[in-house]
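Okay, so here's the structure we're looking at.
The values are calculated or read from the model by the stated rules, or taken from the named source; none is laboratory data. Note that this is a predicted model, so its numbers are computed, not measured. Here Cβ is always computed from backbone atoms with ideal geometry, including for glycine, and neighbour counts include all displayed protein chains. Protein only, heavy atoms only, side chains kept; ligands, DNA and RNA dropped before computing areas. Shrake-Rupley method; radii C 1.70, N 1.55, O 1.52, S 1.80 Å.
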Amino acid sequence: MSTNARSVASRLSSSGFIRTQGFIGGKWVDAYDGKTIEVYNPATGEVITNVACMGGRETKDAITSAHNTFLSWSKLTAAERSRCLRKWFDLIMANKEELGQLMTLEQGKPLDEAMGEVTYGASYIEFYAEEAKRVYGDIIPAALPDRRLFVMKQPVGVVGAITPWNFPLAMITRKVAPALACGCTVVIKPSELTPLTALAAAELSIQAGIPPGAVNVVMGSASDIGEALLASPQVRKITFTGSTTVGKKLMAGAAETVKKVSLELGGNAPCIIFDDADLDVALKGTMATKFRNSGQTCVCANRILVQEGIYDKFSIAFSKAVESMKVGDGFVEGVAQGPIINDSALHKVESFVQDAISKGAKVLIGGKRHSLGMTFYEPTVIGDVKSEMLLAREEVFGPVAPLMKFKTEEEAIHIANDTNAGLAAYMFTTSIKRSWRVSEALEYGLVGINEGQISTEVAPFGGMKQSGLGREGSKYGMDEYLEIKYVCLGNMS
Ligand code: ADP
(Lines give C-alpha, C1' and ligand atoms only; values in the text may rest on other atoms or scores of the structure.)
Protein backbone atom coordinates (compact mmCIF):
# COMPACT_ATOMS: atom_id res chain seq x y z
CA MET A 1 0.00 0.00 0.00
CA SER A 2 1.16 3.55 -0.57
CA THR A 3 2.35 5.26 2.59
CA ASN A 4 -0.78 7.34 2.71
CA ALA A 5 -3.16 4.40 2.24
CA ARG A 6 -1.20 2.39 4.81
CA SER A 7 -1.36 5.07 7.45
CA VAL A 8 -5.07 5.58 6.78
CA ALA A 9 -5.69 1.83 7.10
CA SER A 10 -3.78 1.53 10.35
CA ARG A 11 -5.55 4.57 11.83
CA LEU A 12 -8.98 3.24 10.85
CA SER A 13 -8.07 -0.16 12.19
CA SER A 14 -6.84 1.07 15.57
CA SER A 15 -9.93 3.25 15.99
CA GLY A 16 -12.11 0.14 15.49
CA PHE A 17 -13.50 1.42 12.21
CA ILE A 18 -12.34 -1.58 10.22
CA ARG A 19 -14.57 -4.53 11.05
CA THR A 20 -13.71 -7.96 9.74
CA GLN A 21 -16.51 -10.17 11.01
CA GLY A 22 -20.05 -10.59 9.79
CA PHE A 23 -22.86 -8.98 11.74
CA ILE A 24 -25.70 -11.26 12.87
CA GLY A 25 -28.31 -10.40 15.50
CA GLY A 26 -26.25 -7.43 16.68
CA LYS A 27 -23.12 -9.56 17.24
CA TRP A 28 -19.86 -9.59 15.32
CA VAL A 29 -19.24 -13.19 14.23
CA ASP A 30 -16.62 -15.14 12.32
CA ALA A 31 -17.51 -17.56 9.54
CA TYR A 32 -18.58 -20.79 11.25
CA ASP A 33 -15.75 -22.70 9.57
CA GLY A 34 -13.27 -19.90 10.28
CA LYS A 35 -12.70 -19.12 6.59
CA THR A 36 -11.70 -15.62 5.52
CA ILE A 37 -11.23 -13.70 2.30
CA GLU A 38 -8.86 -10.88 1.52
CA VAL A 39 -10.02 -7.35 0.80
CA TYR A 40 -7.67 -5.47 -1.53
CA ASN A 41 -6.85 -1.87 -2.18
CA PRO A 42 -7.28 -1.70 -5.99
CA ALA A 43 -4.86 1.24 -6.24
CA THR A 44 -1.94 -0.76 -4.83
CA GLY A 45 -2.99 -4.41 -5.01
CA GLU A 46 -2.13 -4.82 -1.35
CA VAL A 47 -4.33 -6.55 1.18
CA ILE A 48 -6.16 -4.18 3.55
CA THR A 49 -7.48 -6.96 5.79
CA ASN A 50 -9.17 -10.37 5.81
CA VAL A 51 -12.89 -10.62 6.42
CA ALA A 52 -15.13 -13.54 7.34
CA CYS A 53 -16.07 -15.70 4.35
CA MET A 54 -19.60 -16.79 5.17
CA GLY A 55 -22.13 -19.01 3.44
CA GLY A 56 -25.56 -20.61 3.80
CA ARG A 57 -25.45 -21.44 7.52
CA GLU A 58 -24.59 -17.93 8.66
CA THR A 59 -27.19 -16.53 6.26
CA LYS A 60 -29.90 -18.75 7.73
CA ASP A 61 -29.04 -17.47 11.20
CA ALA A 62 -29.07 -13.90 9.96
CA ILE A 63 -32.54 -14.50 8.46
CA THR A 64 -33.80 -15.97 11.74
CA SER A 65 -32.46 -13.00 13.67
CA ALA A 66 -34.02 -10.57 11.16
CA HIS A 67 -37.30 -12.44 11.38
CA ASN A 68 -37.38 -12.36 15.20
CA THR A 69 -36.58 -8.65 15.24
CA PHE A 70 -39.21 -7.95 12.58
CA LEU A 71 -41.88 -8.90 15.10
CA SER A 72 -40.90 -6.01 17.38
CA TRP A 73 -39.41 -3.47 14.94
CA SER A 74 -42.53 -3.49 12.76
CA LYS A 75 -44.67 -2.79 15.84
CA LEU A 76 -42.85 0.42 16.79
CA THR A 77 -44.51 3.66 15.86
CA ALA A 78 -43.31 5.34 12.70
CA ALA A 79 -41.95 8.16 14.84
CA GLU A 80 -39.81 5.72 16.87
CA ARG A 81 -38.35 4.15 13.74
CA SER A 82 -37.85 7.59 12.26
CA ARG A 83 -35.80 8.74 15.26
CA CYS A 84 -33.49 5.72 14.95
CA LEU A 85 -32.97 6.37 11.25
CA ARG A 86 -32.31 10.06 11.87
CA LYS A 87 -29.68 9.13 14.46
CA TRP A 88 -28.08 6.74 11.97
CA PHE A 89 -27.95 9.55 9.42
CA ASP A 90 -26.34 11.87 11.97
CA LEU A 91 -23.71 9.27 12.88
CA ILE A 92 -22.84 8.57 9.25
CA MET A 93 -22.43 12.28 8.60
CA ALA A 94 -20.37 12.67 11.78
CA ASN A 95 -18.06 9.91 10.48
CA LYS A 96 -18.06 11.10 6.89
CA GLU A 97 -14.32 11.41 6.60
CA GLU A 98 -13.57 7.95 8.02
CA LEU A 99 -16.24 6.31 5.86
CA GLY A 100 -14.92 8.14 2.81
CA GLN A 101 -11.38 6.97 3.56
CA LEU A 102 -12.55 3.40 4.01
CA MET A 103 -14.32 3.58 0.67
CA THR A 104 -11.29 4.96 -1.14
CA LEU A 105 -9.18 2.21 0.43
CA GLU A 106 -11.35 -0.68 -0.73
CA GLN A 107 -12.94 0.75 -3.87
CA GLY A 108 -10.36 3.17 -5.23
CA LYS A 109 -12.52 6.19 -6.02
CA PRO A 110 -10.94 9.60 -5.27
CA LEU A 111 -11.42 10.70 -1.67
CA ASP A 112 -13.59 13.73 -2.57
CA GLU A 113 -15.84 11.49 -4.61
CA ALA A 114 -15.97 8.94 -1.78
CA MET A 115 -16.96 11.61 0.72
CA GLY A 116 -19.57 12.75 -1.79
CA GLU A 117 -20.94 9.23 -1.81
CA VAL A 118 -21.17 9.25 1.99
CA THR A 119 -23.30 12.41 1.84
CA TYR A 120 -25.36 10.97 -1.02
CA GLY A 121 -25.78 7.60 0.72
CA ALA A 122 -26.72 9.25 4.01
CA SER A 123 -29.31 11.42 2.24
CA TYR A 124 -31.44 8.30 1.66
CA ILE A 125 -31.46 7.60 5.39
CA GLU A 126 -32.48 11.17 6.19
CA PHE A 127 -35.18 11.14 3.51
CA TYR A 128 -36.68 7.82 4.62
CA ALA A 129 -36.52 8.82 8.29
CA GLU A 130 -38.99 11.51 7.24
CA GLU A 131 -40.97 9.31 4.86
CA ALA A 132 -41.51 6.68 7.59
CA LYS A 133 -44.25 8.94 8.96
CA ARG A 134 -46.12 9.14 5.68
CA VAL A 135 -47.21 5.54 5.06
CA TYR A 136 -50.82 6.46 4.48
CA GLY A 137 -53.72 4.16 3.74
CA ASP A 138 -57.07 4.92 2.09
CA ILE A 139 -60.75 4.82 2.89
CA ILE A 140 -62.79 3.71 -0.11
CA PRO A 141 -66.46 4.69 -0.56
CA ALA A 142 -68.30 1.39 -0.20
CA ALA A 143 -70.61 -0.08 -2.83
CA LEU A 144 -73.05 -1.31 -0.15
CA PRO A 145 -74.52 0.86 2.64
CA ASP A 146 -73.61 -1.44 5.54
CA ARG A 147 -69.95 -1.74 4.63
CA ARG A 148 -66.81 0.26 5.31
CA LEU A 149 -63.74 -0.36 3.17
CA PHE A 150 -60.22 0.66 3.91
CA VAL A 151 -56.68 0.02 2.75
CA MET A 152 -53.67 -0.22 5.02
CA LYS A 153 -50.01 -0.60 4.12
CA GLN A 154 -47.82 -3.00 6.07
CA PRO A 155 -44.14 -3.95 5.87
CA VAL A 156 -43.38 -6.98 3.66
CA GLY A 157 -41.14 -8.64 6.27
CA VAL A 158 -37.50 -9.72 6.05
CA VAL A 159 -35.59 -8.24 3.11
CA GLY A 160 -32.49 -9.70 1.45
CA ALA A 161 -30.40 -6.82 0.04
CA ILE A 162 -27.60 -7.77 -2.37
CA THR A 163 -25.33 -4.92 -3.42
CA PRO A 164 -22.35 -4.26 -5.72
CA TRP A 165 -18.91 -2.73 -5.22
CA ASN A 166 -19.23 0.51 -7.21
CA PHE A 167 -21.15 2.41 -4.49
CA PRO A 168 -20.21 0.56 -1.29
CA LEU A 169 -22.47 2.73 0.89
CA ALA A 170 -25.19 4.31 -1.24
CA MET A 171 -26.42 1.08 -2.82
CA ILE A 172 -26.98 -0.22 0.70
CA THR A 173 -28.63 2.84 2.22
CA ARG A 174 -31.10 3.30 -0.59
CA LYS A 175 -32.40 -0.21 0.05
CA VAL A 176 -32.01 -0.51 3.80
CA ALA A 177 -33.34 2.95 4.77
CA PRO A 178 -36.79 2.57 3.13
CA ALA A 179 -36.98 -1.05 4.30
CA LEU A 180 -36.36 -0.04 7.93
CA ALA A 181 -38.64 2.98 7.61
CA CYS A 182 -41.50 0.69 6.56
CA GLY A 183 -40.86 -1.68 9.48
CA CYS A 184 -38.92 -4.38 7.59
CA THR A 185 -35.66 -5.88 8.80
CA VAL A 186 -32.75 -6.75 6.50
CA VAL A 187 -29.98 -9.18 5.69
CA ILE A 188 -27.38 -7.33 3.63
CA LYS A 189 -24.92 -9.09 1.37
CA PRO A 190 -22.38 -6.50 0.25
CA SER A 191 -19.91 -7.20 -2.52
CA GLU A 192 -16.95 -9.25 -1.32
CA LEU A 193 -14.75 -6.60 -2.97
CA THR A 194 -16.05 -3.80 -0.71
CA PRO A 195 -17.47 -5.18 2.56
CA LEU A 196 -15.67 -2.78 4.91
CA THR A 197 -17.87 0.26 4.29
CA ALA A 198 -20.97 -1.90 4.77
CA LEU A 199 -19.68 -3.29 8.06
CA ALA A 200 -18.78 0.18 9.35
CA ALA A 201 -22.28 1.42 8.46
CA ALA A 202 -23.81 -1.57 10.29
CA GLU A 203 -21.82 -0.71 13.43
CA LEU A 204 -23.16 2.85 13.26
CA SER A 205 -26.72 1.51 12.94
CA ILE A 206 -26.37 -0.18 16.33
CA GLN A 207 -24.91 2.97 17.86
CA ALA A 208 -27.96 4.80 16.48
CA GLY A 209 -30.28 2.57 18.48
CA ILE A 210 -31.53 0.44 15.60
CA PRO A 211 -32.14 -2.83 17.47
CA PRO A 212 -29.88 -5.88 17.10
CA GLY A 213 -31.19 -8.13 14.33
CA ALA A 214 -32.80 -5.34 12.31
CA VAL A 215 -29.64 -4.93 10.22
CA ASN A 216 -27.51 -8.02 9.53
CA VAL A 217 -24.50 -8.31 7.21
CA VAL A 218 -23.15 -11.54 5.73
CA MET A 219 -20.46 -11.77 3.06
CA GLY A 220 -18.46 -14.54 1.47
CA SER A 221 -19.76 -17.10 -1.00
CA ALA A 222 -22.21 -15.11 -3.13
CA SER A 223 -24.00 -18.13 -4.54
CA ASP A 224 -24.43 -19.85 -1.14
CA ILE A 225 -25.67 -16.67 0.51
CA GLY A 226 -27.94 -15.95 -2.46
CA GLU A 227 -29.38 -19.47 -2.37
CA ALA A 228 -30.11 -19.28 1.35
CA LEU A 229 -31.88 -15.94 0.92
CA LEU A 230 -33.91 -17.24 -2.02
CA ALA A 231 -34.82 -20.54 -0.37
CA SER A 232 -36.11 -19.02 2.88
CA PRO A 233 -39.87 -18.51 3.03
CA GLN A 234 -39.20 -15.92 5.76
CA VAL A 235 -37.42 -13.62 3.29
CA ARG A 236 -40.30 -11.83 1.59
CA LYS A 237 -38.34 -9.47 -0.61
CA ILE A 238 -35.11 -9.49 -2.59
CA THR A 239 -33.62 -6.17 -3.59
CA PHE A 240 -30.57 -6.28 -5.82
CA THR A 241 -28.20 -3.97 -7.63
CA GLY A 242 -25.70 -5.59 -9.94
CA SER A 243 -25.29 -7.35 -13.25
CA THR A 244 -28.20 -8.30 -15.46
CA THR A 245 -27.05 -11.93 -15.46
CA VAL A 246 -27.16 -12.29 -11.67
CA GLY A 247 -30.38 -10.24 -11.46
CA LYS A 248 -32.13 -12.66 -13.81
CA LYS A 249 -30.93 -15.61 -11.71
CA LEU A 250 -32.26 -14.00 -8.54
CA MET A 251 -35.58 -13.20 -10.18
CA ALA A 252 -35.95 -16.81 -11.28
CA GLY A 253 -34.90 -18.08 -7.84
CA ALA A 254 -37.36 -15.80 -6.07
CA ALA A 255 -40.21 -17.42 -8.01
CA GLU A 256 -40.05 -20.58 -5.86
CA THR A 257 -41.29 -18.72 -2.77
CA VAL A 258 -42.98 -15.87 -4.71
CA LYS A 259 -40.98 -13.04 -3.18
CA LYS A 260 -41.27 -9.43 -4.13
CA VAL A 261 -38.26 -8.45 -6.26
CA SER A 262 -36.61 -5.11 -7.08
CA LEU A 263 -33.72 -5.10 -9.52
CA GLU A 264 -31.32 -2.36 -10.56
CA LEU A 265 -29.37 -3.94 -13.40
CA GLY A 266 -27.01 -2.89 -16.13
CA GLY A 267 -27.51 0.13 -18.36
CA ASN A 268 -26.28 1.22 -21.78
CA ALA A 269 -26.88 4.93 -21.37
CA PRO A 270 -27.04 7.08 -24.48
CA CYS A 271 -25.88 10.68 -24.14
CA ILE A 272 -27.21 12.65 -27.11
CA ILE A 273 -25.54 15.94 -28.05
CA PHE A 274 -27.67 17.84 -30.56
CA ASP A 275 -26.34 20.53 -32.90
CA ASP A 276 -28.29 23.13 -30.92
CA ALA A 277 -26.62 22.20 -27.59
CA ASP A 278 -24.69 24.74 -25.54
CA LEU A 279 -21.21 23.30 -26.03
CA ASP A 280 -19.91 24.16 -22.55
CA VAL A 281 -22.98 22.69 -20.86
CA ALA A 282 -22.71 19.54 -23.00
CA LEU A 283 -19.00 19.15 -22.22
CA LYS A 284 -19.46 19.57 -18.48
CA GLY A 285 -22.47 17.26 -18.35
CA THR A 286 -20.90 14.57 -20.52
CA MET A 287 -17.68 14.59 -18.47
CA ALA A 288 -19.74 14.23 -15.30
CA THR A 289 -21.85 11.34 -16.52
CA LYS A 290 -19.05 9.49 -18.28
CA PHE A 291 -16.16 9.70 -15.87
CA ARG A 292 -17.79 9.55 -12.45
CA ASN A 293 -16.25 6.65 -10.51
CA SER A 294 -13.89 6.05 -13.47
CA GLY A 295 -16.86 5.13 -15.65
CA GLN A 296 -17.97 2.40 -13.27
CA THR A 297 -21.61 3.24 -12.69
CA CYS A 298 -24.70 1.83 -14.36
CA VAL A 299 -25.86 5.36 -15.24
CA CYS A 300 -22.54 6.39 -16.84
CA ALA A 301 -22.93 7.51 -20.45
CA ASN A 302 -22.00 4.41 -22.44
CA ARG A 303 -22.64 5.81 -25.94
CA ILE A 304 -22.11 9.46 -26.74
CA LEU A 305 -24.22 10.27 -29.79
CA VAL A 306 -23.10 13.54 -31.40
CA GLN A 307 -24.97 15.26 -34.22
CA GLU A 308 -22.85 15.77 -37.34
CA GLY A 309 -22.91 19.59 -37.23
CA ILE A 310 -21.24 19.73 -33.80
CA TYR A 311 -19.28 16.45 -33.93
CA ASP A 312 -15.81 17.84 -34.77
CA LYS A 313 -16.04 20.78 -32.38
CA PHE A 314 -17.33 18.57 -29.57
CA SER A 315 -14.82 15.76 -30.07
CA ILE A 316 -11.85 18.17 -30.01
CA ALA A 317 -13.02 20.01 -26.87
CA PHE A 318 -14.09 16.78 -25.15
CA SER A 319 -10.78 15.03 -25.86
CA LYS A 320 -8.91 18.02 -24.43
CA ALA A 321 -10.97 17.92 -21.24
CA VAL A 322 -10.51 14.16 -20.90
CA GLU A 323 -6.75 14.41 -21.41
CA SER A 324 -6.45 16.90 -18.57
CA MET A 325 -7.87 14.54 -15.93
CA LYS A 326 -5.37 13.36 -13.34
CA VAL A 327 -5.22 9.59 -12.83
CA GLY A 328 -3.92 7.98 -9.64
CA ASP A 329 -4.40 6.76 -6.11
CA GLY A 330 -7.62 8.23 -4.74
CA PHE A 331 -5.76 9.60 -1.71
CA VAL A 332 -3.60 11.87 -3.87
CA GLU A 333 -4.77 15.48 -4.09
CA GLY A 334 -6.30 16.45 -7.43
CA VAL A 335 -6.84 12.89 -8.70
CA ALA A 336 -10.04 12.65 -10.74
CA GLN A 337 -9.76 9.05 -11.91
CA GLY A 338 -8.93 6.10 -9.68
CA PRO A 339 -8.16 2.52 -10.70
CA ILE A 340 -10.57 0.09 -12.31
CA ILE A 341 -11.87 -2.29 -9.65
CA ASN A 342 -9.94 -5.45 -10.69
CA ASP A 343 -8.14 -7.33 -13.46
CA SER A 344 -11.19 -8.88 -15.02
CA ALA A 345 -12.88 -5.48 -15.29
CA LEU A 346 -9.69 -4.09 -16.84
CA HIS A 347 -9.54 -6.95 -19.37
CA LYS A 348 -13.14 -6.25 -20.34
CA VAL A 349 -12.32 -2.60 -21.03
CA GLU A 350 -9.27 -3.59 -23.09
CA SER A 351 -11.20 -6.14 -25.13
CA PHE A 352 -13.98 -3.64 -25.92
CA VAL A 353 -11.42 -1.07 -27.09
CA GLN A 354 -9.61 -3.67 -29.23
CA ASP A 355 -12.91 -4.77 -30.75
CA ALA A 356 -13.74 -1.16 -31.70
CA ILE A 357 -10.28 -0.54 -33.20
CA SER A 358 -10.43 -3.77 -35.21
CA LYS A 359 -13.80 -2.64 -36.65
CA GLY A 360 -12.55 0.81 -37.73
CA ALA A 361 -12.99 3.11 -34.71
CA LYS A 362 -10.30 5.70 -33.99
CA VAL A 363 -8.60 6.29 -30.65
CA LEU A 364 -8.63 10.06 -30.08
CA ILE A 365 -7.14 10.03 -26.57
CA GLY A 366 -5.85 7.22 -24.34
CA GLY A 367 -6.78 3.72 -25.41
CA LYS A 368 -4.34 1.81 -23.24
CA ARG A 369 -3.29 0.94 -19.70
CA HIS A 370 -1.87 3.83 -17.70
CA SER A 371 1.84 3.99 -16.96
CA LEU A 372 0.99 3.80 -13.23
CA GLY A 373 0.40 0.07 -13.76
CA MET A 374 -2.04 -1.95 -11.62
CA THR A 375 -5.56 -1.55 -13.05
CA PHE A 376 -5.14 2.11 -13.97
CA TYR A 377 -6.42 2.86 -17.48
CA GLU A 378 -5.96 6.06 -19.45
CA PRO A 379 -9.12 8.16 -19.74
CA THR A 380 -10.07 7.40 -23.32
CA VAL A 381 -12.08 8.89 -26.16
CA ILE A 382 -12.83 6.75 -29.21
CA GLY A 383 -14.29 8.32 -32.36
CA ASP A 384 -16.29 6.79 -35.23
CA VAL A 385 -17.88 4.12 -33.07
CA LYS A 386 -20.60 2.14 -34.85
CA SER A 387 -23.65 0.28 -33.56
CA GLU A 388 -22.20 -3.18 -34.18
CA MET A 389 -19.18 -2.61 -31.90
CA LEU A 390 -19.14 -4.02 -28.36
CA LEU A 391 -18.65 -0.48 -27.04
CA ALA A 392 -22.11 0.39 -28.36
CA ARG A 393 -23.82 -2.88 -27.48
CA GLU A 394 -22.73 -3.47 -23.87
CA GLU A 395 -21.65 -1.52 -20.82
CA VAL A 396 -17.89 -0.92 -20.87
CA PHE A 397 -17.84 0.03 -17.16
CA GLY A 398 -14.59 1.93 -17.43
CA PRO A 399 -13.15 5.32 -18.41
CA VAL A 400 -13.79 4.95 -22.13
CA ALA A 401 -16.02 7.40 -24.02
CA PRO A 402 -17.22 6.16 -27.42
CA LEU A 403 -18.43 8.87 -29.84
CA MET A 404 -21.05 7.98 -32.46
CA LYS A 405 -22.08 10.42 -35.21
CA PHE A 406 -25.75 10.86 -36.19
CA LYS A 407 -27.69 13.03 -38.65
CA THR A 408 -31.29 13.44 -37.46
CA GLU A 409 -33.28 13.42 -34.23
CA GLU A 410 -35.18 10.30 -35.41
CA GLU A 411 -31.92 8.49 -36.03
CA ALA A 412 -30.62 9.46 -32.55
CA ILE A 413 -33.79 8.15 -30.89
CA HIS A 414 -33.59 4.93 -32.87
CA ILE A 415 -29.93 4.33 -31.91
CA ALA A 416 -30.61 5.26 -28.27
CA ASN A 417 -33.49 2.78 -27.94
CA ASP A 418 -31.79 0.00 -29.90
CA THR A 419 -30.77 -1.95 -26.78
CA ASN A 420 -32.29 -4.22 -24.14
CA ALA A 421 -31.21 -1.78 -21.46
CA GLY A 422 -33.29 1.18 -20.31
CA LEU A 423 -31.82 2.79 -17.21
CA ALA A 424 -30.48 6.33 -17.81
CA ALA A 425 -30.34 8.54 -20.89
CA TYR A 426 -29.04 12.09 -21.33
CA MET A 427 -29.50 14.78 -23.94
CA PHE A 428 -28.05 18.19 -24.51
CA THR A 429 -30.15 20.70 -26.45
CA THR A 430 -31.39 24.27 -26.07
CA SER A 431 -34.77 23.47 -27.65
CA ILE A 432 -37.60 23.01 -25.16
CA LYS A 433 -39.78 21.31 -27.75
CA ARG A 434 -37.06 18.82 -28.55
CA SER A 435 -36.45 18.17 -24.83
CA TRP A 436 -40.05 17.07 -24.39
CA ARG A 437 -40.26 15.16 -27.67
CA VAL A 438 -37.10 13.17 -27.10
CA SER A 439 -37.79 12.56 -23.38
CA GLU A 440 -41.13 11.01 -24.30
CA ALA A 441 -39.56 8.85 -27.01
CA LEU A 442 -36.65 7.50 -24.91
CA GLU A 443 -37.32 4.06 -23.39
CA TYR A 444 -35.43 4.86 -20.20
CA GLY A 445 -36.34 5.17 -16.51
CA LEU A 446 -34.22 8.32 -16.00
CA VAL A 447 -33.63 11.17 -18.43
CA GLY A 448 -31.17 14.00 -17.85
CA ILE A 449 -31.57 17.12 -19.99
CA ASN A 450 -28.56 19.46 -19.99
CA GLU A 451 -27.35 17.69 -16.82
CA GLY A 452 -25.09 14.70 -16.31
CA GLN A 453 -25.63 13.96 -12.63
CA ILE A 454 -29.30 13.46 -11.93
CA SER A 455 -29.50 10.89 -9.17
CA THR A 456 -30.96 12.18 -5.90
CA GLU A 457 -32.78 10.67 -2.93
CA VAL A 458 -35.90 12.70 -3.67
CA ALA A 459 -36.46 11.29 -7.20
CA PRO A 460 -37.24 7.74 -8.37
CA PHE A 461 -34.26 5.79 -9.73
CA GLY A 462 -34.80 2.63 -11.77
CA GLY A 463 -34.84 1.10 -15.18
CA MET A 464 -37.16 -0.04 -17.96
CA LYS A 465 -36.75 -3.13 -20.15
CA GLN A 466 -33.94 -5.41 -18.92
CA SER A 467 -32.43 -2.71 -16.71
CA GLY A 468 -34.68 -3.70 -13.87
CA LEU A 469 -37.84 -3.59 -11.84
CA GLY A 470 -38.96 -1.16 -9.18
CA ARG A 471 -37.68 2.23 -8.10
CA GLU A 472 -35.33 3.43 -5.37
CA GLY A 473 -35.47 6.86 -3.75
CA SER A 474 -38.45 9.23 -3.41
CA LYS A 475 -41.89 8.29 -2.13
CA TYR A 476 -42.03 5.54 -4.77
CA GLY A 477 -39.10 3.77 -3.11
CA MET A 478 -41.28 3.04 -0.07
CA ASP A 479 -43.80 1.01 -2.08
CA GLU A 480 -41.17 -1.64 -2.73
CA TYR A 481 -41.21 -2.64 0.95
CA LEU A 482 -44.94 -2.46 1.62
CA GLU A 483 -47.87 -4.80 1.19
CA ILE A 484 -51.28 -3.34 0.48
CA LYS A 485 -54.03 -4.83 2.63
CA TYR A 486 -57.71 -4.23 1.89
CA VAL A 487 -60.07 -4.56 4.83
CA CYS A 488 -63.84 -4.81 4.47
CA LEU A 489 -65.90 -4.15 7.57
CA GLY A 490 -69.43 -5.50 7.18
CA ASN A 491 -72.69 -5.50 9.13
CA MET A 492 -72.45 -1.79 9.88
CA SER A 493 -76.16 -0.99 9.58
P1 ADP B 1 -20.77 -6.79 -10.68
O2 ADP B 1 -20.35 -7.22 -12.02
O3 ADP B 1 -21.21 -5.38 -10.58
O4 ADP B 1 -19.88 -7.22 -9.57
P5 ADP B 1 -22.56 -8.88 -9.87
O6 ADP B 1 -23.96 -9.06 -10.29
O7 ADP B 1 -21.61 -9.97 -10.17
O8 ADP B 1 -22.16 -7.50 -10.48
O9 ADP B 1 -22.46 -8.62 -8.31
C10 ADP B 1 -23.38 -7.80 -7.59
C11 ADP B 1 -23.64 -8.44 -6.25
O12 ADP B 1 -24.26 -9.71 -6.48
C13 ADP B 1 -22.38 -8.75 -5.44
O14 ADP B 1 -22.66 -8.58 -4.07
C15 ADP B 1 -22.13 -10.21 -5.75
O16 ADP B 1 -21.38 -10.87 -4.77
C17 ADP B 1 -23.55 -10.73 -5.79
N18 ADP B 1 -23.72 -12.00 -6.49
C19 ADP B 1 -23.03 -12.49 -7.53
N20 ADP B 1 -23.49 -13.73 -7.87
C21 ADP B 1 -24.52 -13.99 -7.02
C22 ADP B 1 -25.42 -15.10 -6.83
N23 ADP B 1 -25.36 -16.19 -7.61
N24 ADP B 1 -26.34 -15.02 -5.85
C25 ADP B 1 -26.41 -13.94 -5.07
N26 ADP B 1 -25.60 -12.87 -5.18
C27 ADP B 1 -24.67 -12.90 -6.14
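Within segment 35-48, is there a residue that is open to solvent by less than 10 Å² (accessible area, probe 1.4 Å), farther than 20 Å from Ser191 by Cα and modelled with pLDDT of 95 or more? Checked segment 35-48: no residue is open to solvent by less than 10 Å² (accessible area, probe 1.4 Å), farther than 20 Å from Ser191 by Cα and modelled with pLDDT of 95 or more. Among the residues of segment 413-442, those that are under 24 Å from Gly468 (Cα atoms), part of a strand (DSSP E or B) and not small (Gly, Ala, Ser) comprise Tyr426, Met427. Close contacts from segment 247-258, counting a first residue that is within 16 Å of Ile225 (Cβ to Cβ) and a second that is in a helix (DSSP H, G or I) and open to solvent by less than 20 Å² (accessible area, probe 1.4 Å), with Cβ to Cβ under 8 Å and a gap of 6+ residues or different chains, come to Lys249/Gly226; Leu250/Gly226; Gly253/Gly226. Within the bounds of segment 83-105, is there any residue that is surrounded by fewer than 24 Cβ atoms within 10 Å (Cβ to Cβ), within 21 Å of Gly183 (Cβ to Cβ) and among the small types (Gly, Ala, Ser)? No.
Condition check ((1) among the small types (Gly, Ala, Ser); (2) more than 30 Å from Phe376 (Cα to Cα); (3) in contact with a strand residue (DSSP E or B) (Cβ under 7 Å, 6 or more places away or on another chain)) across all residues:
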| position | (1), (2), (3) |
| --- | --- |
| Ala79 | yes, yes, no |
| Lys96 | no, no, no |
| Tyr128 | no, yes, no |
| Leu144 | no, yes, no |
| Arg148 | no, yes, yes |
| Met152 | no, yes, yes |
| Leu169 | no, no, no |
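Would you say Thr257 is more than 13 Å from the ligand (Cβ to nearest atom), hydroxyl-bearing (Ser, Thr, Tyr) and over 22 Å from the mean Cα position of the chain (by Cα)? Yes.
The criterion of at least 2 residues that are without any contact (Cβ under 8 Å) to a residue 60 or more places away in the chain and closer than 29 Å to Asp224 by Cβ is met by the following strands (runs of 3 or more DSSP E) wholly inside segment 1-98: 27-29, 36-40, 47-52.
Taken over segment 292-309, residues that are in contact with a strand residue (DSSP E or B) (Cβ under 8 Å, 6 or more places away or on another chain) and either open to solvent by less than 10 Å² (accessible area, probe 1.4 Å) or not in a helix (DSSP H, G or I) (or both) amount to 12.
Among residues belonging to segment 278-289 that are touching a Gly at 6+ places or on another chain (Cβ under 8 Å) and crowded, with 24+ Cβ neighbours inside 10 Å, point out the one that is nearest to Ser467 (Cα to Cα). Of everything passing the filter in segment 278-289, Thr289 is nearest to Ser467 (Cα to Cα).
Residues are listed down the side, and each one gets a yes or a no for (1) in contact with a helix residue (DSSP H, G or I) (Cβ under 8 Å, 6 or more places away or on another chain); (2) open to solvent by 30 Å² or more (accessible area, probe 1.4 Å); (3) modelled with pLDDT under 95; (4) polar (S, T, N, Q):
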site: Gln234; (1), (2), (3), (4): yes, yes, no, yes
site: Thr239; (1), (2), (3), (4): yes, no, no, yes
site: Ser243; (1), (2), (3), (4): no, yes, no, yes
site: Ala252; (1), (2), (3), (4): no, yes, no, no
site: Val258; (1), (2), (3), (4): no, yes, no, no
site: Leu265; (1), (2), (3), (4): yes, no, no, no
site: Ile272; (1), (2), (3), (4): yes, no, no, no
site: Asp276; (1), (2), (3), (4): yes, yes, no, no
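All told, Ser324 meets the bar of being more than 16 Å from the ligand (Cβ to nearest atom) and open to solvent by 10 Å² or more (accessible area, probe 1.4 Å). In the condition set (1) more than 8 Å from the ligand (Cβ to nearest atom); (2) outside any helix (DSSP H, G or I); (3) under 25 Å from Ser455 (Cα atoms), Gly285 is compliant with all but (2). For the structure I just gave you, tell me whether Asp275 is touching a strand residue (DSSP E or B) at 6+ places or on another chain (Cβ under 9 Å), at negative phi and acidic (Asp, Glu). So Asp275 passes the test. Summed over segment 453-484, residues that are open to solvent by 30 Å² or more (accessible area, probe 1.4 Å) and of a type in the set (Phe, Trp, Tyr) total 1.
Consider Val327 carefully, then state whether it is within 17 Å of Pro402 (Cα to Cα) and at pLDDT 95 or above. It is false that Val327 is within 17 Å of Pro402 (Cα to Cα) and at pLDDT 95 or above.
The residues of segment 443-489 that are aliphatic (A, V, I, L, M), under 15 Å from the mean Cα position of the chain (by Cα) and not in a loop (DSSP other than H, G, I, E, B), listed by number, are Leu446, Leu469. In segment 337-361, how many residues are free of Cβ contacts under 8 Å to residues at least 40 places away in the same chain, part of a helix (DSSP H, G or I) and either open to solvent by 70 Å² or more (accessible area, probe 1.4 Å) or in contact with a strand residue (DSSP E or B) (Cβ under 7 Å, 6 or more places away or on another chain) (or both)? Residues meeting the conditions: 6. On the given criteria, is Gly160 more than 30 Å from Gly116 (Cβ to Cβ), small (Gly, Ala, Ser) and in contact with a strand residue (DSSP E or B) (Cβ under 7 Å, 6 or more places away or on another chain)? When the stated conditions are applied, Gly160 does not pass them.
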